[in-house]
Amino acid sequence: MITIKPITPQDLSALSQLYEELMGVPSNVRQMQKMFEYMERQGHYYVLGAFDQDQLVGSVMGIECMDLVGSCEPFMVIENVIVSDRVRRQGIGQKLMLQIEHIARDLRCAYIILVSGDQRKEAHIFYEKLGFKDEKVQGYRKHFN
């Protein structure tokens, strides 16, 4: 039975392992703990975990962003969507995404937005099945060392 619930500080070590599976590089767990505490204090970050019994098998993060355009409604950015290779295609990602969408609706967000690497074709199919539309926008990143 899969349970979706907020990530706690006790889950960060397991979350670090999931992120390594997603990104291919290990997380600095000590820095991760500091950042998690900061995010909790801010109150606009929602990090959910999918748990199979007590084992963390997936996660998603939503960030509530404020807007000054039009009616000034907030929106949510989705990041770090991961379901472990061991349990994919069992509906876990869908449960995570539906729960973060529920949070966004409760916050009265006008929309949710996410970006996905161009090479992640399987993920794109998954997002489209959940109702996300490929709007053919151009994304840019500038990394700092």
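Is it the case that some residue within the range 122-135 is assigned to a loop (DSSP other than H, G, I, E, B) and at pLDDT 90 or above? No: the range 122-135 contains no residue that is assigned to a loop (DSSP other than H, G, I, E, B) and at pLDDT 90 or above. For the range 2-23, a tally of residues being closer than 16 Å to Val83 by Cβ, out of contact with any helix residue (DSSP H, G or I) (no Cβ under 7 Å at 6 or more places or on another chain) and not hydroxyl-bearing (Ser, Thr, Tyr) returns 9.
Counting only residues that are closer than 25 Å to His102 by Cα, part of a helix (DSSP H, G or I) and in contact with a strand residue (DSSP E or B) (Cβ under 9 Å, 6 or more places away or on another chain), how many does the range 1-28 have? Qualifying residue count for the region: 6. Checked against (1) farther than 19 Å from Glu101 by Cα; (2) at pLDDT 95 or above, Met66 passes all but condition (1). For Gly93, state whether it is touching a Gly at 6+ places or on another chain (Cβ under 7 Å) and not in a strand (DSSP E or B). Criteria met by Gly93. Checking each residue in the range 76-87 for being of a type in the set (A, V, I, L, M, F, W, C) and either in a helix (DSSP H, G or I) or surrounded by fewer than 18 Cβ atoms within 10 Å (Cβ to Cβ) (or both) picks out Val77, Val87. Taking the criterion of being touching a Ser or Thr at 6+ places or on another chain (Cβ under 8 Å) and surrounded by 14 or more Cβ atoms within 10 Å (Cβ to Cβ), the residues of the range 1-28 that qualify are Ile7, Leu15, Ser16, Leu18, Tyr19, Ser27.
Of all residues in the range 41-54, those that are on the phi > 0 side of the Ramachandran plot have Cβ atoms under 8 Å from Cβ atoms of residues that are surrounded by fewer than 16 Cβ atoms within 10 Å (Cβ to Cβ), 6 or more apart or on another chain, in Gln53/Met1. Among residues of the range 29-59 being in contact with a Pro (Cβ under 7 Å, 6 or more places away or on another chain) and part of a helix (DSSP H, G or I), the one that is surrounded by the fewest Cβ atoms within 10 Å (Cβ to Cβ) is Gln33. For Glu73, the stated conditions do not hold, so it cannot be described as within 17 Å of the chain's Cα centre (by Cα) and charged (D, E, K, R).
The values are calculated or read from the model by the stated rules, or taken from the named source; none is laboratory data. Remember, it's a predicted structure, so these values are computed and weren't measured experimentally. Don't worry about glycine lacking a Cβ; one is built from the backbone with ideal geometry, like all the others, and counts go over all protein chains shown.
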